[in-house]
Amino acid sequence: MIRIYLRLLGYLRPYWRRALLAFAAILSYAVLSGASLTLLVPFLDNLFQAGRPAPGIELPAAPIGEPPGIAEGMGEALARQLPALDGARGWVEERLAAGRAWLDRGDPFARLRRVVALIVLVFLLKNLFGYLDPYLVNWLEQRCLFDLRQDLCRALQQQPLGWLGRQKTGELISRVVNDVNMLRGAIIGATATLLREGLLLVIFLGFLLGLNWRLALAALLVVPLNAWLMRRLGKLLQRDSTRIQVRMGDMAGHLQETLAGARVVKAFGREEAEIARFRRFNWDYFRSYVRLRALGALNAPLSEMLSTLAVVFIVAYGGHHVLAGRMGASQLILFLVAAISLVGPLRKVSELNQMLQDGYTAGRRVFGLLDEEGETALLAGGSEPGPLGEAIRFAGVGFAYEPGRPVLTGIDLELRRGEVVALVGPSGSGKSTLADLLARFREPSEGAITMDGRALSDFSLRAWRAKLGIVTQDVLLFNDSIRANIAYGRPEASQVEIEAAARAARAHEFILATARGYDTAIGERGLSLSGGERQRLAIARAILRDPEILIFDEATSALDSESERLVQEAIERLMRGRTTLVIAHRLSTVQGAQRIVTLAEGRIVEQGRHEELLAAGGLYKQLYELQFASGS
């Protein structure tokens, strides 16, 4: 647990100056809280001993059953036990003497007015620091959470596709949103509370010991019992806190999945079934949350009950000695006020138990995500690839998502500069995986991919992908304007360049027909547009990037015949002079390719031009005849 909290506190380092201000505010608040209690001494003495010299702010401290002088005050007792404090004691006594001289002047009414004025001043300053304390703590806490969310976003963006594909999207979102929120109060708030309430505990405890150490020790016998109870509760809270965060991830994951698949859910009439599934996740979360809060709610009542028993003991025992004349009434009142003041800090410290357990569990999950290796080194490391000279070569390349189940085996393929190569084959033959390897979304399990004799792994991942333009079958557009989506790969592009790319993709006309033209917001995933319109925007995005290497993965599969014809013309113009890899289901779209490569079960079974493959009578001819016989 300590390691997790040290990592969390590490986010405080850039803001150490503001943290020092917060510490000063906490310290001032605690000291002034003690001072406000100390001022009750001259106030009460002025009332109970009217006409006699007031003892100023020196604490009456004759213990029960002992002659006066054995414990003459907390400062004097410490000075006797620790001779090294004699110098500090002298300075304090000078200040106290000056304060006594000021408070003791005049008649009781004048002394009362001065004490009341001093009380008002102390409480004014105390509440000023009481405002600054939570303000500074909240600022520091929220700034640390802001930085933590940014680090989590960066960690997610830098994870490889293979890792992201194995995760539940809702679970990842839950870590960034819910788990970070669970850390609210556990980073700076808990530390500040522990510091503030710890100082108050020391001050009030010192006050009690100075007044009557025997009565104080008897009243504090409840502390070990309270610590034992908190330790037992802490173990239960840690277990249940882990469970509730897992439940939240499950619920968020299910909700994200059903919203993303809303079309399928509605098409199959499964709305009620999904509602019922969500209810099960929701109910599991509800039960876990209620149990966690029920356990956490025991902290304060148990601590307060034990503290109340201590106060009752003080009233009974101390009252007996007041009635017997062995203790002053003002001394007992001060002792009671100090003891009751001790209850608040004790309760708040005990409430930290649940906050710390929640924070530990959330921190463990958050840092588990941050510690994923990701592609950081690959993105930044490596050299800059120069222009493609001769060819990109796949030499004995193999790939498997799971050990022992290869998707590609022994791929030997050459993509020459300026050549259009088409990949065809049955579903599941490895076409898209091969394209992913070229884009370095995944790394080969065996073999190597080289450009002009240099392995792609030698190049900076970011620099290599900057050479690529990719249009996929599943078009992803962002909840932004049409202009922003086209310029996604080149945000600095001018409006003239954006419109030129849209015209080349045959998208300009339908864009002008929308409500606000290029400023039209297209909604989440671009669902306000048709499939063909989305595909044309994706092609415009690739055209604007002006890449050296193009990858088209079923780029025209969502278009009707007329749109396909228009876009195919744009694609053919775009491909001129560029190295292009085309994955196609419709064989009619690749007949003009300079080379067609047929894959089956992860292997290349034939390659050549369209006419050559038809004449060979192999798999390509079978696919061609089957497709055109069915009218595809």
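The values are calculated or read from the model by the stated rules, or taken from the named source; none is laboratory data. The structure presented is a predicted model; accordingly, all values stated were derived computationally and were not measured. Glycine gets a Cβ as well: all are built from the backbone with ideal geometry, and neighbour counts include every protein chain shown.
May I ask you to list pairs of residues, at least six apart or on different chains, whose Cβ atoms are under 6 Å apart, with the first in segment 392-404 being over 16 Å from Ala439 (Cβ atoms) and the second being surrounded by fewer than 18 Cβ atoms within 10 Å (Cβ to Cβ) and of a type in the set (A, V, I, L, M, F, W, C)? So the pair list comes out as Ala395/Ala448.
When you look at Leu437, is it of a type outside the set (Phe, Trp, Tyr), closer than 17 Å to Ile549 by Cβ, buried (at least 18 other Cβ atoms within 10 Å of the Cβ) and touching a helix residue (DSSP H, G or I) at 6+ places or on another chain (Cβ under 8 Å), yes or no? Judged against the criteria, Leu437 is not a match.
Could you say which residue among Arg393, Arg454 is within 17 Å of Ile549 (Cα to Cα) and modelled with pLDDT of 90 or more?
On the way: Arg454 fails: modelled with pLDDT of 90 or more.
Of the residues listed, the single one that is within 17 Å of Ile549 (Cα to Cα) and modelled with pLDDT of 90 or more is Arg393.
Entry remark, segment 312-344: residues being closer than 12 Å to Leu215 by Cβ and in contact (Cβ under 8 Å) with a residue 40 or more places away in the chain number 12 in total. The sole residue among Ile486, Ile482, Ile470 that is touching a helix residue (DSSP H, G or I) at 6+ places or on another chain (Cβ under 8 Å), over 26 Å from Asp436 (Cα atoms) and either among the polar types (S, T, N, Q) or surrounded by 15 or more Cβ atoms within 10 Å (Cβ to Cβ) (or both) is Ile482.
Against the definition (among the basic types (Lys, Arg) and either surrounded by 19 or more Cβ atoms within 10 Å (Cβ to Cβ) or within 21 Å of Gln157 (Cβ to Cβ) (or both)), how does Arg454 come out, yes or no? Criteria not met by Arg454.
Arg506 falls short on exactly one of the conditions (1) more than 30 Å from Ala395 (Cβ to Cβ); (2) part of a helix (DSSP H, G or I); (3) charged (D, E, K, R), and that condition is (2). Screening Leu255 on (1) modelled with pLDDT of 75 or more; (2) in contact with an Asp or Glu (Cβ under 6 Å, 6 or more places away or on another chain); (3) over 30 Å from Leu9 (Cα atoms) shows it passes everything except condition (2). Evaluate the following for Leu323: is it at pLDDT 75 or above, surrounded by fewer than 15 Cβ atoms within 10 Å (Cβ to Cβ) and out of contact with any Lys or Arg (no Cβ under 6 Å at 6 or more places or on another chain)? Here the answer is yes, as Leu323 does meet what is asked.
Which one of these is farther than 27 Å from Ser460 by Cα, in a loop (DSSP other than H, G, I, E, B) and charged (D, E, K, R): Arg184, Arg175?
Values: Arg175 fails: in a loop (DSSP other than H, G, I, E, B).
None of the others qualify; the one that does is Arg184.
Considering only residues in segment 502-538 that are closer than 19 Å to Gly489 by Cβ and free of Cβ contacts under 8 Å to residues at least 12 places away in the same chain, the one that is surrounded by the fewest Cβ atoms within 10 Å (Cβ to Cβ) turns out to be Arg503.
The residues in segment 523-567 that are at pLDDT below 85 and in a loop (DSSP other than H, G, I, E, B) can be counted, and the count is 13.
Listed here are the residues, each with its yes/no results for (1) on the phi > 0 side of the Ramachandran plot; (2) touching an Asp or Glu at 6+ places or on another chain (Cβ under 9 Å); (3) in the same structural domain as Gly165 (by TED's automatic domain parsing).
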{"position": "Ser383", "(1), (2), (3)": "no, yes, no"}
{"position": "Val397", "(1), (2), (3)": "no, yes, no"}
{"position": "Pro403", "(1), (2), (3)": "no, no, no"}
{"position": "Gly430", "(1), (2), (3)": "yes, yes, no"}
{"position": "Leu438", "(1), (2), (3)": "no, no, no"}
{"position": "Arg442", "(1), (2), (3)": "no, yes, no"}
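Every residue, every condition in (1) part of a loop (DSSP other than H, G, I, E, B); (2) exposed (fewer than 14 other Cβ atoms within 10 Å of the Cβ), yes or no:
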position	(1), (2)
Gln591	yes, no
Leu599	no, no
Ile604	no, no
Leu614	no, no
Lys621	no, no
Glu625	no, yes
Phe628	no, yes
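When Leu292, Leu302, Leu306 are checked against the criterion of being part of a helix (DSSP H, G or I), out of contact with any Gly (no Cβ under 9 Å at 6 or more places or on another chain), surrounded by 15 or more Cβ atoms within 10 Å (Cβ to Cβ) and at pLDDT 75 or above, Leu292 stands alone in meeting it. Of all residues in segment 489-501, those satisfying the criterion of being more than 18 Å from Leu550 (Cβ to Cβ) and surrounded by fewer than 16 Cβ atoms within 10 Å (Cβ to Cβ) are Pro491, Glu492, Ser494, Gln495, Val496.
Looking across Ala507, Ala513, one residue alone is small (Gly, Ala, Ser) and within 21 Å of Glu554 (Cα to Cα). It is Ala507. Among the residues of segment 572-604, those that are more than 23 Å from Ala439 (Cα to Cα) and without any contact (Cβ under 8 Å) to a residue 60 or more places away in the chain comprise Ser588, Gln591.
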